[in-house]
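The structure appears right after this line, and notes come after that.
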Amino acid sequence: MACTSSEPIDRFALVTRHNISHSEVNPFNSLTVGNGGFAFSVDITGVQTFPLDYAHGIPLGTMSDWGWHSFPNPEGYVLADVVKHYASGNDSVPYYYQWPEGEATRRSGATAWLRESPHRLHLGIVGFEIRKKDGSLITLSDIENPVQQLNLWKGEIVSYFEIEGIPVHVITLCDQFSDRVAVQIQSELILLGRLAVKMDFPYPRHEKFNSGYDFDRPQAHLSQLAERYESSCLIHRTLNETQYYANAQWSGAAFVEQTSEHEFVVKPQPSNDIFSIGIAFSADLPVKSSFEFEQVRVDNALAFSEFWRSGGAVDFSESTDLRALELERRVVLSQYLTKIQCTGPYPPQETGLTYNSWHGKFHLEMHWWHGIHFVLWQRAALIEPQLDFYFSIIDEARETAEFQGYEGVRWQKMIDPSGRESPSSIGVFLIWQQPHIIYFADLLQRTRSGDADILEKYAPLVFETAEFMASYARFDADADRYVLGPALIPAQERFDPAVTINPAFELAYWHWGLVTAQKWRKYLGLPSNLQWQEVIDKLSPLPQKNGLYLFTETASDSYTNQRYLTDHPMVLGLYGILPLTPMVDIGVLNNSLDAVLQKWHWETCWGWDFPMAAMNAAALGRPELAVDLLLKVTVKNSYLLNGHNYQDEDLSLYLPGNGGLLTAVAMMCTFRDAQGRNGFPTDGSWKVRYENLTPLY
């Protein structure tokens, strides 16, 4: 067998052989510490000394799940301002549309504000103010002989560099019990009075993809030194209707001064060459507490060692395939990145807690890729609070369904913690996020078989989701079948919502979701829902032509139209993401995979497409192809030094790619076909040891 779970894995050796060490001043090499709901990304100095130099690489974020801000709305824009109706059968269905600039003043203005607000807030830049002998401030080019290391087992960054030959040693941590960054500095520059810690507070940015920091609008916000003591200070931040606090505490003698409207400098006294400081960020006035750097360091190391010792592990070290070590590196670093950026109370944004993409909002259709792997790697407790979030937004989801004339709840796409949908020319027409909560709940139920609490807890979400799904399916009396769409854009976002019907993946997911909801009714001793069953029985078959599955029923030229051979090859999700359903013909799907391999423009794919394709190949009994697809050499399947899945200049990191990789590896390890084969080649080149992984299905 290529996979085995019989031998214990040396987890410390597995993790630490992928500790990051580098000596390159490169804006794409930012490293991050975090606790799941708060993260702090650093440059080569171990803090955020050069935010502008890193803004177009991996930006230097200080972000949280609670920190949100809205731009002023003097016009009182609301969702009703952006409604556009689309025909669906004999009906007209309203959607919250993304009106282009200049279309109409109020429509376009409302579109911009509703998409941009609220947005995730950069809480503040924490960097060094270092002066050279001549008194001038250092620039990035003044950094000499840098060496920076991320110890994954401890969750800490150690940085070394020199300024005019004088060494600076820095240790950077994130408190695992509060949203605090803790830093220890050792350098003769402290004794010389030439090194200080600077806190600089920016205003948010408007752009769809942005670093989160704008230093050019000082009059738009307020930073106040609310309290100042011998070893601490409290800064009160006000940005329009948003307020929060930064509480800085230090050991040793120092004084703080406000050097500009939003800049505060903590200057250690030249009595000791070691200085420690912690800056805690909070939405509310912080409770008085002590700060000891060494205690934070001990607690942090314990929390990370417990993380690595728990849950799943996969060891590729005995494989002879030359790609195995790189795959292992990606797997280990993806676990670290998703742990520190994706385990807060809300589904993460696609760039996590590093910088803003889509204005910092999170996308529920991506939650499958962000979260399913935590269940498979037996760390479900880390993301179960995110499933509770669905309960908090269920009223908004129900209002959307009612607004459009449907039953049940229609889950949003691009949202913030309030649950309000964002207008879009694409997102509002997507439907593939609807069954995700059923998938999560059913996977949890299977992993905890016999736990009645899981059934009781999630049944309302499962059943109300199914109510919408059955209601959304439109009955075509002439053909005696149920149809999906219009208006609809499938997961492969290449189709006109006004005319598209019956995308293959969504049909199969609809069928699976409704069948699963019926099973849940049986588990709870309830009778089958007759309407759901009618939709199941009469749902349109998967569209196909010439022995190939079409991407949608209305795209008869699926494999010849070059536009349709880009983006997500979702036909591969029919078996891979989903278990094999009665709707799917294995022969047709194999033919479709071969056609996709031959014709697809892989450079247009996204990070999770490669894991999806790998899972499809593994499920179809083609393990060599599965590995080739998982490690396909193309820009958007590349992983940077820090483990981030690079996409393009807008998306220098993409966490659904990391989550997808972990999902695919777990599936490929645990999957068995009818012949007992798994997802890795059996020619001896891959010896994969794993433990504590749960099968996807």
Residues of region 350-359 being under 14 Å from Leu121 (Cβ atoms) and more than 11 Å from the chain's Cα centre (by Cα), which ones?
Tyr355, Asn356, His359
Looking only at region 261-274, decide whether some residue is more than 18 Å from Gly46 (Cβ to Cβ) and without any contact (Cβ under 8 Å) to a residue 12 or more places away in the chain.
no
Which residues, taken from region 521-573, are touching a residue at least 40 places away in the same chain (Cβ under 8 Å) and at positive phi?
Gly547, Asp567
Just give me the residues in region 20-36 being under 22 Å from the mean Cα position of the chain (by Cα) and not in a strand (DSSP E or B), in sequence order.
Pro27, Phe28, Asn29, Ser30, Asn35, Gly36
Unmet criterion (only one of (1) free of Cβ contacts under 8 Å to residues at least 40 places away in the same chain; (2) hydroxyl-bearing (Ser, Thr, Tyr); (3) touching a Ser or Thr at 6+ places or on another chain (Cβ under 9 Å)) for Tyr406:
(1)
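Residues that are among the aliphatic types (A, V, I, L, M), surrounded by 20 or more Cβ atoms within 10 Å (Cβ to Cβ) and in a helix (DSSP H, G or I): does region 204-222 have at least one? Outline the logic, then answer.
Looking only at region 204-222, we keep the residues that are among the aliphatic types (A, V, I, L, M), and these are 220, 222.
Restricting the remaining residues to those that are surrounded by 20 or more Cβ atoms within 10 Å (Cβ to Cβ) gives none.
The answer is no, given that none of the residues of region 204-222 is among the aliphatic types (A, V, I, L, M), surrounded by 20 or more Cβ atoms within 10 Å (Cβ to Cβ) and in a helix (DSSP H, G or I).
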Residue hits (region 665-682; surrounded by fewer than 22 Cβ atoms within 10 Å (Cβ to Cβ) and modelled with pLDDT under 95) are Arg672, Asp673, Ala674, Gln675, Gly676, Arg677, Thr682
Of Ala39, Ala13, the only residue that is within 22 Å of Arg329 (Cα to Cα) and assigned to a strand (DSSP E or B) is Ala39
Over region 532-557, the set of residues within 20 Å of Tyr472 (Cα to Cα) and outside any loop (DSSP other than H, G, I, E, B) is Trp532, Gln533, Glu534, Val535, Ile536, Asp537, Lys538, Leu539, Thr552
Restricting region 18-42 to residues that are touching an Asp or Glu at 6+ places or on another chain (Cβ under 8 Å) and of a type outside the set (A, V, I, L, M, F, W, C), which is nearest to Asp299 (Cα to Cα)?
Asn35
Among the numbered conditions (1) within 14 Å of the chain's Cα centre (by Cα); (2) farther than 30 Å from Val93 by Cα; (3) of a type in the set (Ser, Thr, Tyr); (4) assigned to a loop (DSSP other than H, G, I, E, B), tell me where Ser319 comes up short.
(1)
Per the filter on region 172-200, residues among the aliphatic types (A, V, I, L, M) and surrounded by fewer than 19 Cβ atoms within 10 Å (Cβ to Cβ) are Leu191, Leu192
Could you check, for region 402-421, whether at least one of its residues is part of a helix (DSSP H, G or I), closer than 23 Å to Trp512 by Cα and either of a type outside the set (Ser, Thr, Tyr) or out of contact with any His (no Cβ under 9 Å at 6 or more places or on another chain) (or both)?
no
What number of residues in region 595-620 are crowded, with 17+ Cβ neighbours inside 10 Å and not in a helix (DSSP H, G or I)?
6
Which residues, taken from region 270-310, are surrounded by 20 or more Cβ atoms within 10 Å (Cβ to Cβ), more than 30 Å from Trp68 (Cβ to Cβ) and of a type outside the set (Phe, Trp, Tyr)?
Ser276
Test: residue in region 50-67 that is assigned to a loop (DSSP other than H, G, I, E, B) and either closer than 19 Å to Arg297 by Cβ or among the hydroxyl-bearing types (Ser, Thr, Tyr) (or both):
no
Note on region 621-664: residues assigned to a loop (DSSP other than H, G, I, E, B), buried (at least 24 other Cβ atoms within 10 Å of the Cβ) and not small (Gly, Ala, Ser) are His644, Leu653, Tyr654
Any residue at all in region 454-474 that is among the basic types (Lys, Arg) and in a helix (DSSP H, G or I)?
yes
With respect to Leu443, determine if the residue is over 19 Å from the mean Cα position of the chain (by Cα) and outside any loop (DSSP other than H, G, I, E, B).
yes
Within the bounds of region 377-397, is there any residue that is aliphatic (A, V, I, L, M), assigned to a helix (DSSP H, G or I), crowded, with 24+ Cβ neighbours inside 10 Å and within 20 Å of the chain's Cα centre (by Cα)?
no
Counting only residues that are in contact (Cβ under 8 Å) with a residue 60 or more places away in the chain and not hydrophobic (A, V, I, L, M, F, W, C), which one in region 385-403 is nearest to Lys457 (Cα to Cα)?
Tyr390
Of everything in region 144-165, what is on the phi < 0 side of the Ramachandran plot and without any contact (Cβ under 8 Å) to a residue 24 or more places away in the chain? Give them in sequence order.
Glu144, Tyr160, Glu162
Of the residues Gly127, Gly76, Gly89, only one is modelled with pLDDT under 95, among the small types (Gly, Ala, Ser) and either over 29 Å from the mean Cα position of the chain (by Cα) or more than 14 Å from Pro423 (Cα to Cα) (or both); which?
Gly89
Would a scan of region 239-257 turn up a residue that is without any contact (Cβ under 8 Å) to a residue 40 or more places away in the chain, among the aromatic types (Phe, Trp, Tyr), within 20 Å of Phe291 (Cβ to Cβ) and part of a loop (DSSP other than H, G, I, E, B)?
no
What is the number of the single condition among (1) surrounded by fewer than 24 Cβ atoms within 10 Å (Cβ to Cβ); (2) touching a helix residue (DSSP H, G or I) at 6+ places or on another chain (Cβ under 7 Å); (3) within 26 Å of Phe28 (Cα to Cα) that Met583 does not meet?
(3)
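The rows are residues; the columns are (1) within 30 Å of Thr111 (Cα to Cα); (2) touching a residue at least 12 places away in the same chain (Cβ under 8 Å); (3) acidic (Asp, Glu).
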{"site": "Phe429", "(1), (2), (3)": "yes, yes, no"}
{"site": "Gln433", "(1), (2), (3)": "yes, yes, no"}
{"site": "Tyr439", "(1), (2), (3)": "no, yes, no"}
{"site": "Asp442", "(1), (2), (3)": "no, yes, yes"}
{"site": "Ala452", "(1), (2), (3)": "no, no, no"}
{"site": "Thr465", "(1), (2), (3)": "yes, yes, no"}
{"site": "Arg494", "(1), (2), (3)": "yes, yes, no"}
{"site": "Tyr509", "(1), (2), (3)": "no, yes, no"}
(1) outside any strand (DSSP E or B); (2) aromatic (Phe, Trp, Tyr); (3) under 30 Å from Cys342 (Cα atoms) all hold for Tyr160 apart from (1)
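The values are calculated or read from the model by the stated rules, or taken from the named source; none is laboratory data. Computed from a prediction, not measured in an experiment: that's the story for all the values here. Positions of Cβ are backbone-derived with ideal geometry, glycine not excepted, and every protein chain shown enters the neighbour counts.
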